[in-house]
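Working notes, beginning with the structure itself.
The values are calculated or read from the model by the stated rules, or taken from the named source; none is laboratory data. Since the structure is predicted, the reported quantities are computational estimates derived from the model, not experimental observations. Here Cβ is always computed from backbone atoms with ideal geometry, including for glycine, and neighbour counts include all displayed protein chains. These area figures cover heavy atoms from the full protein model, side chains too; ligands, DNA and RNA do not enter into them. Shrake-Rupley method; radii C 1.70, N 1.55, O 1.52, S 1.80 Å.
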There are 2 protein chains.
Amino acid sequence: MSGDDSRSQDLRAPVVELLGLVAFGELLAFERMARDAALAPDLRRRATLGEMAAVEVDGYQRVAARLAEHGADPERAMAPYVRPVEEYHDATEPKDWLEALTKVYVGDGIADDFLAEVAALLDAPDGDLVRRVLHDGRYAAFAEAELRAAIEEDPKVANRLSMWARRLVGETLSHAQRVAAERAPLTELIVTGTGHEDGVQKLFQRLMTAHTARMDALDLNN
Amino acid sequence: MSGDDSRSQDLRAPVVELLGLVAFGELLAFERMARDAALAPDLRRRATLGEMAAVEVDGYQRVAARLAEHGADPERAMAPYVRPVEEYHDATEPKDWLEALTKVYVGDGIADDFLAEVAALLDAPDGDLVRRVLHDGRYAAFAEAELRAAIEEDPKVANRLSMWARRLVGETLSHAQRVAAERAPLTELIVTGTGHEDGVQKLFQRLMTAHTARMDALDLNN
């Protein structure tokens with residue numbers, strides 16, 4: 001490719017790493033929404049999940065196209081993330097509609113914060129693309145509104161969902177930390193980008209702070 | 001609504017019946033493709049299923065919008081079909097990728113033929129809309145190409161898939177006949193539209209003829 005300076009050359013690998021992770025995240029979000037749709041209490045919500053899932057497929061396509069522009073094969077870029085992301089989902093299979101929504105609110109909340117932080121370390125247009133794709137996803141906001149209504153209607157569900165949320169945050173962080181540890185270019189990007197040796201640790205601290213605020217917002221910290 | 005003559009008044013109920021069935025079929029096709037995606041042998045095919053599923057969601061949205069134009073609530077129009085269609089899918093859960101593709105080739109093939117025949121009895125633009133939505137679905141053609149390649153590579157799989165296809169056609173027809181019997185406006189439309197008392201029976205004979213031709217095309221009639 002022409003016009004490469006040394007900086008963009010250095011960033012080539014981390015960009016492909018992050019876009020590969022985002023692409024597989026979008027693809028799996030579509031698949032998870034379809035499963036969650038089967039748990040929806042009515043056809044209106046079931047159809048809404050379908051409509052939101054189509055947005056994730058669109059996000060996948062945009063990120064895959066950008067990977068191709070970088071000369072990277074989307075399948076190869078996604079491959080390292082298949083096992084850890086699927087293991088996370090297997091370990092956190094929701095049993096009903098409210099558990100599914102809580103998983104989205106907790107897990108997607110942390111994942112989106114993580115991806116947005118790393119995207120901020122990339123040059124535009126890659127960083128912009130990741131932010132736009134994350135922004136287009138409406139499932140977390142939908143989940144928050146649904147959970148708020150369910151808790152208002154029956155405050156007792158907050159106890160059950162608080163316990164489930166604690167399990168989810170443990171699984172989310174342990175899987176995210178494993179991915180960060182295994183994917184050296186991603187870790188290097190964070191350390192270089194933040195200019196701190198403990199950049200990864202500090203990033204996870206910020207993720208936890210934002211997570212706690214989300215739990216407080218729904219009174220899920222009992 | 002203005003401009004209703006007695007014919008379109010008579011057709012109001014069957015139109016809503018058929019559009020409700022097509023809408024729920026599109027919504028469930030999206031959900032099924034996401035499940036099938038988890039069986040895909042590689043990320044390329046997995047992503048392809050996602051892209052095809054997004055087309056089904058788009059089809060759902062177009063049919064739901066048309067139902068609303070008819071003054072019908074999409075959820076109410078779909079509701080009668082939820083149980084029979086889900087029971088069909090529960091009775092025919094594929095165990096692997098090739099079984100999933102065979103199910104699409106057999107089941108969607110028959111269902112699409114059925115819907116296209118009934119759509120031909122509707123006035124435009126409803127009939128045109130159903131035909132366009134069916135035409136946009138690419139999963140059956142994808143399944144045929146994948147199955148053809150798999151059978152060419154290992155002819156022994158044809159035996160296993162032939163047995164599976166026989167079970168599928170039995171389940172597909174018995175569920176389709178139950179739906180036709182339960183939904184009087186649909187049956188009336190077929191009888192009135194074809195001008196024959198035995199219009200439904202003849203329609204099912206045509207579906208079987210087309211099904212047999214599809215099985216022959218892949219040598220799945222052993």
(request) Leaving out ligands and nucleic acids, note down the accessible area per residue over chain A with a 1.4 angstrom probe, in whole Å². (result) 45
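Can you pull the Kirkwood radius for region B:9-63, inverse mean 1/r over Cα pairs, to one decimal in Å?
On the way: mean 1/r = 0.0824 Å⁻¹.
Kirkwood hydrodynamic radius for region B:9-63: 12.1 Å.
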(message) Using a 10 Å cut-off around each Cβ of peptide B:70-77, what is the average number of partner chain Cβ atoms that fall inside?
(response) 2
(request) Any chance you could check region B:14-35 for residues losing 10 Å² or more of accessible area when the partner protein chains are in, compared with the chain on its own (1.4 Å probe)? (result) B:F24, B:L27, B:F30, B:E31, B:A34, B:R35
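Please give me the summed charge of the neighbours of B:A91: other residues whose Cβ is under 10 Å from its Cβ, Lys and Arg +1, Asp and Glu -1. Don't skip to the answer; put the middle values down first.
Numbers: positive: B:R167; negative: B:E86, B:E87, B:D90, B:E93, B:E171.
Neighbour charge sum, excluding B:A91 itself: -4.
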(message) For B:E87, place a label point 7 Å from Cα along the Cα-to-Cβ direction in every copy; what are the distances to the other copies, in nm, shortest first?
(response) 4.3
(message) Quick check on packing: order B:101-113, A:33-45 by the mean number of other C-beta atoms within 10 Å, highest mean leading.
(response) B:101-113, A:33-45
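Per DSSP H run of n ≥ 4, the term is -39500 (n - 2.57); total these for the protein assembly as shown, divide by its residue number, and report the mean residue ellipticity at 222 nm rounded to 500 deg cm²/dmol. If you can, show how the numbers build up before the last one.
Numbers: 20 runs with 354 residues, N = 444.
Value at 222 nm, helices only: -27000 deg cm²/dmol.
With charges set only on the Cβ (+1 for Lys and Arg, -1 for Asp and Glu), what does the dipole of region A:3-217 come to about its Cα centre, in debye to the nearest 20? Spell out each step's value before the answer.
Working: 26 positive and 39 negative charges, 103 e Å.
Here region A:3-217 has a charge dipole of around 500 debye.
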(message) So the label point sits 7 Å from Cα along the Cα-to-Cβ vector; using that for A:R76, what distances do you get to the other copies, in nanometres, sorted shortest first?
(response) 5.7
(request) For region B:153-210, state the semi-axes of the equivalent ellipsoid (square roots of 5 times the eigenvalues of the alpha-carbon gyration tensor), sorted largest first and rounded to whole angstrom. (result) 32, 12, 7
(message) What does the charge count around A:A217 come to, taking other residues whose C-beta lies under 10 Å from its C-beta (Lys +1, Arg +1, Asp -1, Glu -1)?
(response) -1
(request) Could you tell me which residue in chain B puts its beta carbon nearest the axis mapping B onto A, with the distance rounded to whole Å? (result) B:A34, 2
(message) Quick check: net charge around B:M208, other residues with Cβ under 15 Å of its Cβ, Lys/Arg +1 and Asp/Glu -1?
(response) -2
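Total Å² of accessible surface buried at the A-B contact, 1.4 Å probe, nearest 100?
Values: alone 11010 and 11000 Å², together 20040 Å².
Roughly 2000 Å² of accessible surface disappears when A and B pair.
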(message) Report the per residue volume, in Å³, of the convex hull enclosing the C-alpha atoms of region B:99-222.
(response) 93
(message) Let me understand the protein assembly as shown better: what is its radius of gyration from the alpha carbons, and its Dmax, in angstrom?
(response) 24.5, 81
(request) Measure nothing fancy, just the Cα-based angle from helix B:139-153's long axis to the longest principal axis of chain B, in degrees from 0 to 90, nearest 10. (result) 20
(request) Using a 1.4 Å probe over the heavy atoms of the protein chains, calculate the carbon and sulfur portion of the accessible area of the protein assembly as shown as a whole percent. (result) 52
(message) What's the magnitude of the charge dipole for the protein assembly as shown around its Cα centre, counting Lys and Arg as +1 and Asp and Glu as -1 at the beta-carbon? Answer in Debye, nearest 20.
(response) 560
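Count the lysine pairs in the protein assembly as shown whose Cα atoms sit under 23 Å apart, keeping only pairs 8 or more residues apart in sequence or on different chains.
Numbers: A:K95/A:K103; A:K95/A:K156; A:K95/B:K95; A:K103/A:K156; B:K95/B:K103; B:K95/B:K156; B:K103/B:K156.
So the count of such lysine pairs works out to 7.
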(request) Tabulate in residue order the Karplus-calculated ³J(HN,Hα) for region A:17-29, using 6.51 cos²θ - 1.76 cosθ + 1.60 with θ = phi - 60°, rounded to whole Hz; enter x for Gly and Pro. (result) 4, 5, 5, x, 5, 5, 4, 5, x, 5, 4, 6, 4
(request) Give the Rg/Rh ratio for chain A, taking Rg as the radius of gyration of the Cα atoms and Rh as the Kirkwood radius, to two decimals. (result) 0.98
(request) Place the label 7 angstrom along Cα→C-beta at A:T192 and in each other copy, then list the distances from the first to the rest in nm, shortest first. (result) 7.1
